[in-house]
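Okay, so here's the structure we're looking at.
Quick note: the coordinates plus some simple rules give every number you see, no bench work behind them. Everything numeric here is computed off the predicted structure, so don't read it as measured data. Cβ coordinates were reconstructed from backbone atoms using ideal geometry, including for glycine residues, and neighbour counts include every protein chain displayed.
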Amino acid sequence: MEELSLNFLKQLLSTPSPSGYEQRIQEVVRTWAKQYTDDVKTDLHGNVIARLAPNRHVTNPVRIMLAGHCDQIGLLVEHIDGDGFIYVQPIGGWDMQILLGQYLTIWTKSGPIQGILSRKAPHLLQNDERNKVPQFTDVWVDIGAKNKEDAEKLIRHGDPITVNLGFHDLLNGLAASPAMDDKVGVWVVMEALRLLRDRERSAEVYCVSTVQEEIGLRGATTSAHRINPTIGIAVDVCHASDTPGTDKKQLGEVKLGAGPVLFRGPNISPRVLDELENSAKRLEVPVQVRGVARATGTDANVIQISREGVATALIGIPNRYMHSPVETVNLDDLNNAAKLLADFCANISVETNLIP
C-alpha cells in the first residue's frame with residue numbers, strides 16, 4: 001500500500017464516527033476527495049459524494065455509484081447520576097462481554113474525554129449476576145468526576161462515545177483496529193477514486209461515503225435516490241471464517257489475504273458480477289466468491305431497490321472479530337479491492353449489457 005494511502009486509512013481509523021455523528025470523519029473524506037476531483041458535495045443527510053465525469057465523449061453515460069459507509073458502532077450518553085457516573089446506550093450492535101473493561105473516549109464539544117466502562121468487581125458479584133450477561137443499565141462509564149455537577153461541566157446528554165481508536169500492525173500484512181467496519185470500505189471507494197482520476201473512462205462515477213448504515217442503511221437510501229445510479233456497488237466488511245470455532249457451512253470459506261469477496265445471490269446483478277470477475281482476470285487479482293441467499297445487511301440492499309431498480313453488486317473485505325475493538329483485516333485485500341473497482345469503472349460503457 002502506498003504511504004499516502006496508508007496514512008489516509010490510519011486517519012480514517014483514528015477519527016470518530018458513530019452513526020449520526022459522522023461530521024469529523026466526513027471532513028477527512030472531503031479533504032482526500034478534493035485532491036482528485038473538484039466535484040465533491042455533502043448532502044443534507046451527511047453523505048459525501050465525489051463525482052468523476054467521463055473523460056471520453058459520450059451521451060447519457062452509465063452512472064456508477066460506489067458506496068462505503070463511514071459510520072461505526074458506538075455509545076451515547078444517556079444519564080449522569082449524582083456521583084458523576086455516566087450511563088450509556090448503544091449505537092449499533094455491541095457484545096457487552098467485549099465492551100466490559102474497555103477504555104472509552106467521549107467526544108464532547110470541547111474535546112475528547114477519557115473514561116472506562118465497568119461494573120462491580122468480580123469479588124462483589126452475586127451468583128445470579130456472575131452468571132448472566134449484564135445489560136447497559138448494569139454498567140457505567142467512569143471519567144473520574146467528583147459528582148454530577150463536575151461531569152456536566154464537560155459532558156452533555158447525547159454526546160457520542162467510541163472505544164479508544166487506533167491502528168495496530170500485526171504479522172503478515174494484517175492490521176487491527178476498531179471500526180474496520182466499514183472505514184475500510186470508505187478507503188477502498190476513495191482509493192478507487194484516486195486510481196481512476198487519470199484513467200480513460202466513459203462512465204460517470206460517484207464515490208460515496210455513506211452515513212448511518214449501522215442503524216438501518218439510511219445514508220445509502222438517500223444518496224442512491226439522489227444519484228439515481230445505473231450500477232451500484234457497495235463495499236463492506238464480511239465475516240472471515242479462518243478463525244477457531246467458525247462454521248464454514250454457514251459462512252463459506254473466506255480467508256484474510258485471499259482477496260476481496262464477490263457475492264452471488266438475489267441481491268446481486270449477475271451482469272455486474274460478470275464484469276467484476278472479468279476485471280479480476282485482467283488484473284490477475286485474487287477474489288473469493290460467496291453465496292448469500294437473501295437481501296444482504298449492507299448498503300447493497302437499499303441501493304438495489306432504489307427508484308426503478310439498480311444493477312447492484314457487493315464487495316466484501318474479509319474481517320475477523322466484527323463489531324469488536326480488534327477487528328482485523330489484511331491490507332492486500334483492501335488494495336486489490338480498490339484496483340478491482342477502478343478497472344471495473346474504466347471498462348464500463350453504454351454498450352455494456354446490464355439486463356439479467
| query | So how tilted is helix 180-196 from the main axis of the chain? Cα-based, degrees 0 to 90, rounded to 10. | reply | 30
| message | Under a Cβ-only charge scheme (Lys and Arg +1, Asp and Glu -1), can you give me the dipole magnitude of the chain about the Cα centre, in debye to the nearest 20? | response | 480
| said: Can you give me the distance in nm between label points at residue 355 and residue 39, each placed 7 Å from the Cα along the Cα-to-Cβ direction? | reply: 2.8
| field | Three-way shape label, the chain, alpha-carbon gyration tensor, a/c 1.5 | value | prolate
| Nearest 10 degrees, 0 to 90: what angle lies between the long axis of helix 331-346 and the longest principal axis of the chain (Cα atoms)? | 40
| task | Mind ranking 35-42, 87-94 by how tightly packed they are, going by the mean number of other C-beta atoms within 10 angstrom, highest first? | result | 87-94, 35-42
| note | The helix 3-13 Cα axis meets the longest alpha-carbon principal axis of the chain at an angle in degrees, between 0 and 90 and rounded to 10, of 40
| message | Tell me the mean residue ellipticity at 222 nm calculated for the chain from its helices only (DSSP H runs of n ≥ 4, each -39500 (n - 2.57), averaged over every residue, nearest 500). | response | -8000 deg cm²/dmol
| query | Lys/Arg Cβ at +1, Asp/Glu Cβ at -1, dipole of the chain taken about the Cα centre: which of 118, 280, 48 is farthest positive-ward? | reply | 280
| query | Just 204, 149, 275 to compare: in a GNM of the chain, with alpha carbon springs under 10 Å, which one fluctuates most? | reply | 149
| request: Could you order peptides 122-131, 265-274, 63-72 by the average number of other Cβ atoms within 10 Å of their residues, highest first? | output: 63-72, 265-274, 122-131
| field | Inter-centroid distance (Cα atoms) of the stretch 167-184 relative to the stretch 285-321, Å | value | 21
